[in-house]
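Enquirer: So that we are looking at the same thing, I have put the structure below in structure tokens.
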Amino acid sequence: MNTRLLKPRAIKRGLLLITFLIACLLSAQGAQEAKKRPMTLDDIIAMRAVSDPQLSPDGRTVAFVVTQADMKANFRNSDLWIVSTDGGAPQQLTRGPKRDDQPLWSPDGRNIAFISDRDGKPQIYLISPSAGEAYKLTDHRVGIQSFAWSPDGKSIAFIAADPIPEEREKEKREGFDQIVVDQEHQYAHISRIDIESKKVTHLTEGPLHAVELAWSPDGQQIAFTGRNTPKLADMFTTEIYLISANGGALRQLTQNQRAENNLAWSFDGKKLSYLSTSDKYPSIGPSRVHLLTMPQGGEPKVLQRGFDGYIRNHVWSRDGKYIYLQVDYRVNRHIYRMSADGAELESLTVQPGAISAFSLSANDRIAYLYETPERPADVWFSNLQRPAGAAFGDLLLRSDRLTGMNPEVGSLLLGKTEVVRWKSSKDGREIEGLLVYPISYNVGQRYPLITSVHGGPEGAYVQSFMASHNEFPHVLAAEGYAYFFPNFRGSSNYGAAFAEANVGDLGGGDFQDIMSGIDFLIQKGIADPNRLGIKGWSYGGYMSGWAIGHSDRFKAAAFGAGLSNAISYYSQADIQHQRETLHQGNPWRNPQNMIERSPVMYLQNARTPSLIFHGEKDERVPLPQSLETYMGLRKHNVPAELVIYPREPHGLREPKHQLDKMRRELAWFKRYL
């Protein structure tokens, strides 16, 4: 082999050329960055949310939902879109002025059924993906909640609440509209409609509230979950039942004190799977796949009992060899594949980010939503087949992005997102979270820090594109703020033991985890210790209220829908079972823990100016909880504002309320930090 040595002069010329090319590249990148502008609150409101990708049976087309704010009508309008898996521009399929969502392909792929309230109550509509207008299939007196196609495509089973009896409606019109608590429940039941004749057959009745359903592969039976009442407080009475597709007697398949959900049949009909917790506490810990052997049923088999990831959805492969899983694990959301017996489990995606939904076709193709901190969710597509004996590799590296529903994001300046880890001052446990840097961040310079506390408490932050009325870190990053998202003990995504770690200790170890994270960022030279803010919603509202009564380090707080008084909250809310677990008691048994863990009891120590939000119709955390916090702060001369949003439930839905909330929150932090 001939080897030719380069002369020093040639080497020098080469190095100069490389340096020149790098300089040109950096200059181009700098010019491109210079053209970008900061994200605004109006940008967030204008974002289009992509959801519910449904792959056609032949794997050639994806139907999905796009939701966008209509500021004039003051609501979020959703429409169906489709896109070819071969590429090309997405096409808008429906253009109704109201809600169009929950698309499901017919088994032959000729039609898409969906739910729309364009004519009033939510009903099932059918539309051809190739041509024509949507037409209404059902005309139920009460709105349809959910539905599923029969395997032969000749009928659809749906769930809808019972109508209020006409006699009772007449009494209400006459003024006898009194409400008797825990009576006159509107139970939801299952019905079946024939596609051709539109004949409706009611399959269930009586005091059993149907929640979700799944057809058996042969179309002869329907499995469904049902609980004692429509009340969320009774969710742990949920069991799985089986009924003939023609109606008749029910067969109960499970009997426990846990909430079953996400029913799925293997394609040979020999297994019925579902998700449910299986650890110490029914209301805490990751959901795991449970298998029932059909038709006999019996004791379910729990697969991968020690897995720390939180399974959100599962789908069987056509050949029955695998179960595909959507899993939240630590700060990412991935697709996993598990052998049908649970012996093997592998992650099919590795890249950081969040896969929030997926669907499979009959020919091993997959469509899913994928987002990162730099890019909002879009529809992606890939093939699950691989050569025999070959390693699977990262599915994301051989996938195609089919949509780009928010191209304007490319022109926006975004703060850098980084995964951070620190040791808790409570016990040295490693805690993880996310940090969004100020856009103009310079090493060695300190910045005001806003800490955002997630809800749950069994929730978690993941590496997603955060741009909503709840979280808008990039807007604040443009204003020179650092933004911190801690996943404290009690969070999901880290296994059962981690989720159980704050039982009986709300405001204890979890609060120390958060404060240790803030101290870590101060020690790193990032956060200014004299300019700290805190915010959150739901449990994040609880923790914010707790923080201002236990520390004078925060110069501003903005939080909403937070529990303040655990004693009064117990009877006002609809999740008593969770509270009994977290407090290890109730107001009549071990009330001391509830008293000691109530933020309202410590507001005499508060000094932090606090902005409080609440929805008028919130049933999860009723409005009186924020009224107690507001009164406690005012009585102790702490600057405080309480903003109540009419008609709103636990989360704000109306775009104008969402925009108002963001404007007030941004102004509050700019004023006090």
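Enquirer: Answer yes or no as to whether residue 44 is in contact with a Leu (Cβ under 9 Å, 6 or more places away or on another chain) and within 30 Å of residue 269 (Cα to Cα).
Expert: When the stated conditions are applied, residue 44 does not pass them.
Enquirer: Please verify whether region 561-572 includes one or more residues that are in a strand (DSSP E or B) and either in contact with a Cys (Cβ under 9 Å, 6 or more places away or on another chain) or surrounded by fewer than 21 Cβ atoms within 10 Å (Cβ to Cβ) (or both).
Expert: no
Enquirer: Within region 466-486, is there a residue that is touching a residue at least 12 places away in the same chain (Cβ under 8 Å), over 18 Å from residue 558 (Cβ atoms) and assigned to a loop (DSSP other than H, G, I, E, B)?
Expert: No, region 466-486 has no match at all.
Enquirer: Specify which of the listed residues (406, 332, 363) is surrounded by fewer than 16 Cβ atoms within 10 Å (Cβ to Cβ), under 24 Å from residue 65 (Cα atoms) and touching a residue at least 60 places away in the same chain (Cβ under 8 Å). Outline the logic, then answer.
Expert: Numbers: 406 fails: surrounded by fewer than 16 Cβ atoms within 10 Å (Cβ to Cβ); 332 fails: surrounded by fewer than 16 Cβ atoms within 10 Å (Cβ to Cβ).
None of the others qualify; the one that does is 363.
Enquirer: Would you confirm whether any residue within region 196-215 is touching a strand residue (DSSP E or B) at 6+ places or on another chain (Cβ under 8 Å) and among the basic types (Lys, Arg)? Before the answer, list the steps.
Expert: As a first pass, look at region 196-215 and keep what is touching a strand residue (DSSP E or B) at 6+ places or on another chain (Cβ under 8 Å): 199-205, 208-215.
Within this subset, residues satisfying the condition of being among the basic types (Lys, Arg) are 199.
Yes, region 196-215 contains a residue that is touching a strand residue (DSSP E or B) at 6+ places or on another chain (Cβ under 8 Å) and among the basic types (Lys, Arg).
Enquirer: What pairs come out if I take residues in region 162-187 that are touching a residue at least 40 places away in the same chain (Cβ under 8 Å) and pair them with residues that are hydroxyl-bearing (Ser, Thr, Tyr) whose C-beta lies under 8 Å away, six or more apart or interchain?
Expert: Here the result reads 182/229; 185/229; 187/229, each pair linking region 162-187 to a residue that is hydroxyl-bearing (Ser, Thr, Tyr).
Enquirer: Does region 338-368 hold any residues that are in a strand (DSSP E or B) and of a type in the set (Asp, Glu), and which are they? Steps first, please.
Expert: The initial filter retains those residues of region 338-368 that are in a strand (DSSP E or B), namely 338-339, 345-347, 354-360, 365-368.
Hit for region 338-368 is 346, nothing else.
Enquirer: Still on this model: Exactly one of these conditions fails for residue 343: (1) out of contact with any strand residue (DSSP E or B) (no Cβ under 6 Å at 6 or more places or on another chain); (2) touching a residue at least 40 places away in the same chain (Cβ under 8 Å). Give me its number.
Expert: Just one mismatch for residue 343, condition (2).
Enquirer: If residue 181 satisfies all but one of (1) among the β-branched types (Val, Ile, Thr); (2) buried (at least 20 other Cβ atoms within 10 Å of the Cβ); (3) under 30 Å from residue 578 (Cα atoms), what's the number of the condition it fails?
Expert: Only one criterion in (1) among the β-branched types (Val, Ile, Thr); (2) buried (at least 20 other Cβ atoms within 10 Å of the Cβ); (3) under 30 Å from residue 578 (Cα atoms) is unmet by residue 181, namely (2).
Enquirer: Would you confirm whether or not region 602-619 contains a residue that is surrounded by fewer than 19 Cβ atoms within 10 Å (Cβ to Cβ), at pLDDT 95 or above, touching a helix residue (DSSP H, G or I) at 6+ places or on another chain (Cβ under 9 Å) and under 30 Å from residue 258 (Cβ atoms)? Break it down into steps so the answer makes sense when it comes.
Expert: First, pick out the residues of region 602-619 that are surrounded by fewer than 19 Cβ atoms within 10 Å (Cβ to Cβ): 602, 604-605, 607, 616-617, 619.
Subset that is at pLDDT 95 or above: 602, 604-605, 607, 616-617, 619.
Restricting the remaining residues to those that are touching a helix residue (DSSP H, G or I) at 6+ places or on another chain (Cβ under 9 Å) gives 602, 604-605, 607, 619.
Filter again for under 30 Å from residue 258 (Cβ atoms), leaving 619.
The answer is yes, given that some residue of region 602-619 is surrounded by fewer than 19 Cβ atoms within 10 Å (Cβ to Cβ), at pLDDT 95 or above, touching a helix residue (DSSP H, G or I) at 6+ places or on another chain (Cβ under 9 Å) and under 30 Å from residue 258 (Cβ atoms).
Enquirer: Related question: Can you name every residue in region 424-456 that is among the acidic types (Asp, Glu) and either under 16 Å from residue 330 (Cα atoms) or crowded, with 22+ Cβ neighbours inside 10 Å (or both)?
Expert: Correct list: 430, 432.
Enquirer: Follow-up question, since we're still on this one. Across region 192-233, what is the number of residues that are buried (at least 17 other Cβ atoms within 10 Å of the Cβ) and of a type in the set (D, E, K, R)?
Expert: Residues meeting the conditions: 3.
Enquirer: For region 254-288, give me the residue count where each residue is hydroxyl-bearing (Ser, Thr, Tyr) and surrounded by fewer than 18 Cβ atoms within 10 Å (Cβ to Cβ).
Expert: 1
Enquirer: Given the residues 552, 528, 510, 505, which is the only one that is at negative phi, acidic (Asp, Glu) and assigned to a helix (DSSP H, G or I)?
Expert: Answer to the check: 510.
Enquirer: Could you check region 118-230 for strands (runs of 3 or more DSSP E) lying wholly inside it with 2 or more residues that are of a type outside the set (D, E, K, R) and more than 17 Å from residue 245 (Cα to Cα)? So that I can check it myself, show each step before the final result.
Expert: On the way: elements: 123-127, 144-149, 155-161, 188-194, 200-202, 209-215, 221-227.
Of the strands (runs of 3 or more DSSP E) lying wholly inside region 118-230, those with at least 2 residues that are of a type outside the set (D, E, K, R) and more than 17 Å from residue 245 (Cα to Cα) span 123-127, 144-149.
Enquirer: Which condition number in (1) buried (at least 19 other Cβ atoms within 10 Å of the Cβ); (2) farther than 23 Å from residue 466 by Cα; (3) within 25 Å of the chain's Cα centre (by Cα) is the one that residue 85 fails?
Expert: Checking residue 85 against (1) buried (at least 19 other Cβ atoms within 10 Å of the Cβ); (2) farther than 23 Å from residue 466 by Cα; (3) within 25 Å of the chain's Cα centre (by Cα), the one that fails is (3).
Enquirer: How many residues are under 24 Å from residue 217 (Cβ atoms) and either surrounded by fewer than 22 Cβ atoms within 10 Å (Cβ to Cβ) or among the aromatic types (Phe, Trp, Tyr) (or both) if we restrict to region 139-148?
Expert: Qualifying residue count for the region: 4.
The values are calculated or read from the model by the stated rules, or taken from the named source; none is laboratory data. Keep in mind that what you see is a predicted model, and the values were worked out from it rather than measured. Neighbour counts are summed over all protein chains in view; Cβ atoms, including those assigned to glycine, are modelled from backbone coordinates with ideal geometry.
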